[in-house]
Structure formats: structure tokens, C-alpha cells
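Written out below as C-alpha cells is the structure these notes cover.
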Amino acid sequence: MSPLPDSLLRRMLGSLETLSNNRAAVLCVVLALNSLTRPYSGLVHDARLYAAQVSARIAPETFERDLYLLHGSQDSYTLFSVVIYPLVALWGVQPAFFVLYMASKALFFWGALRFIQAMVKDRFVTLLTLLFISVSQLSLWGNEAFHVNESFLTPRLGACALVLLALERLLHEPVHAGRLWQALLLLAGAFLLHPLMAMGGGLALVLWYLSRRLTPRLFVSLVLVKSVAAAVILIYEPLGNQLFGHMDEEWRAIILRQAFYFNLTLWRPEDWLRIVAAAVVLLAGARYCSSDSTRLLLAILAAGVIGLVGSVIAPQTHYRLLIQGQPYRALWLLEFLACPLAWLCVVRLWRLGTTEARCFSLLLVVSVTSGFGDRDWFLAVIPPALFVICVLFVRRSVAEVACPRWLWCSALTLLAAAIVLQLFEGGQELLIQSYMQPSPVVVLSALANILSRLPVLLLACAVLGPVHILLGTGWRLRSILLGVWCCYPALLLFLTNAPKYAETFHGDYDQVLFVQSVLEPRQALQAKKTLTIYFPTELETIWFKLHANSYYNWAQMSGCAFNRATAIEGTRRATIVRNFELANTREWHALSPDWQLAHENFFRTTGKLTPPTKQDLFDLCQDESVDFVVIQQDFDGLHIATNGKWHVYDCKQIRSMNRDQAR
């Protein structure tokens, strides 16, 4: 007999089963849980870039001298800014981005719910999967540069939602022309929002359609012919340049140095383990799916393999479209689908009812919550391996009567050990956070990372049971959950932007106010011209708090793959500010080996770092595109203002000093 409290476990699972039968209630639960564990982060990461793009549409003079938009950006490849422009113009950047984020998040989880349910045909598995996704970022590709479940607004979120809804249309029998046209229209919307994220879905749809229409022999023949044709195009450069366009060596080298995740050789071992595990789980889970679902799964796997092969080839060529297209992005569907299929295996094993199957199911829970999350990939391998060893040992050493009890004890011990390990890692994360002295909002936003996914997921399931029993699945439960979903992130956003809160908890609040007090009078004298400053701080601070153009920031180079002029000019400016950048980011990048290596490659750092000198300041100020420099170094009292930590230098004044010295 199982040592687990059977009656309690059965009641909890029964309650979750009942809840899973109500789509609206499931969506509300998932949105509320995601809001509590991964609330809205604001204008961070790529959200600040899209905010700048739409702001430039509203007031073109605002960012006309900023490096990111000086020569154009990837905004020309998406309709995102055009679509959200009216709302941002009406409400402003912060409120509009928050509302659009909430709408995108609801659409994403609605698309995920419909697609997963159509794929696995099991509502309970759908619920478990969505609960897991809601507390996870779900890392994508290499070096954790991107995630599926982002906590900020970009068109990636909406594009992923439309791709999932499009593919869901293909899983309903019969697949008539109407459903196919619906899928194509949804995919077209995804392409208009974010072509790179829609590419994987489009490729999967084409492969799925061809596999349905053609005999296996004809399909294989077509694939072989296409492969030979692709090889000929890639090898014969004149033809390849005609189709894909040419990228010169200087531009290509800059992209590969800046966007290090383009280069698959720099991906970490755990990235490859996660991708391989996703492929294995997809193949294992396909045996539990219908034939048409299996066909689509294999099409998604094939699309991922094609994308991976394309990404191996792309950096070795000079084909512009191939490098800009970032084929590895087609892997996102494969990595996303690993979650529901892994949970499907967990539930199917549990439902077998045997001691061995249920024990292994528990250990798979540890693997799923560790392996397809963000950090603990080693936990995905250790528990099942130990359990298999334990089973073999027990079968050889223990009498058959005592075997189930020993199996349960072993499985539960390993499960408890995994939870302790995850909590220990969460404790380490908490210590790092406390060392950095974060604000309460930052700590709350990082709650899922600090506690780790498995403890959060177990707590959520334990709470959902009694809540469902008390409130049912009707309007009372939904209204409370929707209130939590909307109000909690709104409260955090309000606190983050409240002056009193910022003054108390934001370490850079006084610094920003100081710089603002120095620049505002000088900005008033510039009429319509926006000041351009070099200030080694967060890019969103320069753009949306100081309302200035940024001379150089690492994040501004994000558009270098889509615009040669941005790549060349950004590299020139990076060379000028190199010592200031390295001096400012040294401590931050010590926490991230990936970014440390990226900076070393980009700035060509070798050996001991050189501290910034007075000559570096003079060289920077010689560039007439920069108006003011805000740095921590004090050079012979040349600054026009200081608060003891930061020093503000007037570049025009320093340029005139240089001219006087030259005479």
C-alpha cells in the first residue's frame, strides 16, 4: 500500500480534474498564477526597444539622433508599431504597454490552452501543463537570451499566440478548406507581427500539408529534391546572392560578435541537452496522440531540425537573409511542445496504477519541472537515473512482498531531495538578490525564480483544490481570479513608478534626479533638438526618464543585424567608449559568464582592463553627435556638475578647450 495519504491525494486530484473541465476557469487560474509569480516587468529587455520605435512614430524628432533609430531599425519588418500606435498616442507609453501586455498574455494562454487540449485530448494534462508554463519562463534556444513566457510586451508574445491558434485549427477533424484558410489567416497575422517567430509555424504547416497530400514515397522524393536544390543554391554563391542577398564580411563579423547567440558553437551544454530532451519527449509523447496529431508533431520536429541545420550553415555564409532570418527560431515550437507531452507521459504513467509506474511518474515530475525550465537541467537526469538504479537494486535484493514499499520510499526520498535542492538553489538566488539590495517589487517579480518551479507548482495545486471546493468554477471563482490577474501587476507597476517608492527603494533615483536637474535647463535651450548623452546606465532610464537620446548602449546594437549603417556606426562608437563601458559593466557581467564572454569578444578585451583616462573623455567629446557625458570618473574638475558619484561633462565646452589648446 502506498504511504501517500490516499484520500487526501484523491480528493485533490479529483478537484483538479473537475476544474480542468471548465475552460474559462482554467484560463482564469493560469492568468492569476502567472500574474502572481511572473508579473509585468515594464519597459525592460526588448520592450524598451519597441517602446522607442512607437514613440518615434508619434514624435519623430524625439529619437532622430539616437543610435538605435538613426539609420532605421527592425521596425520596418513588423506592423507591431503601426498597430499599437493609436493606443500609445492616446494613453502614453507605460499605460498602453501594460494594457497591451495583459491582452497579449491572455491571448497567448488562450492559444496555448486550445492547442494543447487539441493535441493531447486530455483536459487534466492541459491544466497541469498550463500551470507549469505560467510559473516558468521556458528558455528558448541558446544562452537564455529569450523565453516563451516573457513578462514584458513584445510582438513575440502575440505572434506565438497566433501560431498556436493556427496550428490548433489543423487538429480538428475533418480538416476542411475553411479550417485551413483560418490557419493561414492566423499565420499571416503572426508573420505581420513577428516574421521570425511565425517562420517555424509556417514551415510546420507546409510540411504537415504535404505529408497529408502526398504518398510517403513521393514526399521523401520531394524532400530529397528540395535538399539537393538548397545545397546547390548555398554552394553556388552568385545564385545564393540573388536569392538571399549579400552581406559583406565587416557587417557579418559585427553581428556575430554582438549577437553571440547566433553562433551555435557558443550555446551551453545545458541548452543542447534541453533541445535533445525536447525532441526525445516529443517522440515519446507522440505514441499517446492521435495519428493526425502525431503527423503535426513530426512536422514540428522536422521544422526544428531544418531550422537547426540552417543556423549551423548561416554563420558560415555571407547570405544576408539567411543570417537575418535566424533559422534556429523554428525550434521554439519543439521546445514549447515538450511541456504538454512530458506532462502527458507523467499522467499516463500515473494512471497505469502500478507501483513502479507511479513512482517513476513522480520522478518524471521532478525532471519536467527542472529540465524544461530555466536553470536546473541536471535535475532532469539525476532523479530518473537514480530511480532506475533503485528499481534494479530492489528487484534483486528485496522480497516481492516488500518491493512496493521500498519503491515508494525511494521515490519519495528522491522527490524530497529534489525539492530541497531546488529550494537550496532558490536560497542562493535570494542571497544574490539581497546582496544587490533589490526593491520589494523586484523580489516579488522574481518569486518563481527564488522559490523554483516544483515547490511553486505543488503549492498552487494544494491551494487550488480547497479553493475550487469552496468557490466552484462559476463566476465567483473567475471574478476573484481575474481581479488578481489585473490588480496585482497594476499595483506593482503603480508602486514602481510612484516617486515616494522610487525615492525609498531605487538606488539610482537620486542619481537620475541629479542628471535630470542638470540636463533639463540645457534641453530647454535646444528648442526641438533632443539632447544626446553618453550615460552608462539602463537604456530605458535615458529614453523614458531623462527623455534624451543615447549615444551608445549595448542594447542599441540589437538592430545591427537588420541595418548595416547601425552596425558600422555602433561599432565605431563602441570603440570610443570601450574603456567606460568595461569599467561600468565589470561587476554586473561577473555574474553572467555568457555576457562576460560576449563583451570580451565584442570589445576585443585581452588581459588586464585599462581604466578610463582623460584622453578617453577628450576622444569621446570630439564626436559632435554627443552633447553631454555622464560618467563616474572625475578628470581634473572638467565637469560642469557632480553629486559626488556621477560627473556631468559638457562636450561642447571640452571641444572648445581642445581647439584652444591646439592653437
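Worth a mention:
- Scan of region 469-478 for residues that are in contact (Cβ under 8 Å) with a residue 40 or more places away in the chain and more than 14 Å from Leu27 (Cα to Cα), ordered by number: Ile469
- Among the conditions (1) touching a residue at least 60 places away in the same chain (Cβ under 8 Å); (2) assigned to a helix (DSSP H, G or I); (3) small (Gly, Ala, Ser), Gly111 misses just one, which is (1).
- Restricted to region 91-101, and to residues there that are over 17 Å from Gly189 (Cβ atoms) and free of Cβ contacts under 8 Å to residues at least 60 places away in the same chain, the residue that is surrounded by the most Cβ atoms within 10 Å (Cβ to Cβ) is Phe97.
- For Ala502: the one exception among (1) surrounded by fewer than 16 Cβ atoms within 10 Å (Cβ to Cβ); (2) modelled with pLDDT under 80: (1)
- Exclusive hit being over 29 Å from the mean Cα position of the chain (by Cα) and assigned to a helix (DSSP H, G or I), set Ala253, Ala277, Ala231: Ala231
- When residues of region 533-574 are limited to those that are small (Gly, Ala, Ser) and within 20 Å of the chain's Cα centre (by Cα), the one nearest to Lys652 (Cα to Cα): Ala555
- Unmet criterion (only one of (1) surrounded by 23 or more Cβ atoms within 10 Å (Cβ to Cβ); (2) under 21 Å from Leu49 (Cβ atoms)) for Val120: (2)
- Helices (runs of 4 or more DSSP H) (entirely within region 540-630) containing at least 3 residues that are modelled with pLDDT of 80 or more and crowded, with 18+ Cβ neighbours inside 10 Å: 564-589, 614-621
- All of Ala25, Ala32, Ala52 fail the test of being open to solvent by less than 50 Å² (accessible area, probe 1.4 Å), among the aliphatic types (A, V, I, L, M) and either in contact with a Lys or Arg (Cβ under 9 Å, 6 or more places away or on another chain) or free of Cβ contacts under 8 Å to residues at least 24 places away in the same chain (or both), apart from Ala25.
- Just one of the listed residues (Gly304, Gly285) is of a type in the set (Gly, Ala, Ser), part of a helix (DSSP H, G or I) and modelled with pLDDT under 90, namely Gly285.
- Residues within region 312-364 that are more than 15 Å from Trp408 (Cα to Cα), open to solvent by less than 50 Å² (accessible area, probe 1.4 Å) and in a helix (DSSP H, G or I), tallied: 27
- Residue check for Ile533: under 20 Å from Asn643 (Cα atoms), open to solvent by less than 30 Å² (accessible area, probe 1.4 Å) and touching a residue at least 60 places away in the same chain (Cβ under 8 Å): yes
- Scope region 64-90; condition open to solvent by 10 Å² or more (accessible area, probe 1.4 Å), among the hydrophobic types (A, V, I, L, M, F, W, C) and more than 21 Å from Met197 (Cβ to Cβ); matching residues: Leu69, Leu70, Leu87, Ala89, Leu90
- Only one of Ser104, Ser139, Ser134, Ser151 that is hydroxyl-bearing (Ser, Thr, Tyr) and closer than 24 Å to Arg348 by Cα: Ser134
- Contacts under 7 angstrom Cβ, first residue in region 599-612 being farther than 16 Å from Ala253 by Cα and of a type outside the set (Phe, Trp, Tyr), partner part of a loop (DSSP other than H, G, I, E, B) and modelled with pLDDT of 75 or more, 6 or more apart: Pro612/Gln633
- Hey, Val276 under 30 Å from Val346 (Cβ atoms), at pLDDT below 90 and open to solvent by less than 50 Å² (accessible area, probe 1.4 Å) or not: no
The values are calculated or read from the model by the stated rules, or taken from the named source; none is laboratory data. Bear in mind that the values here come from a model prediction, so they are computed numbers and not experimental data. Positions of Cβ are generated from backbone atoms using ideal geometry, with glycine treated the same way; all protein chains shown enter the neighbour counts. Just the protein is used for accessible areas: all its heavy atoms, side chains included, with ligands, DNA and RNA removed. Shrake-Rupley method; radii C 1.70, N 1.55, O 1.52, S 1.80 Å.
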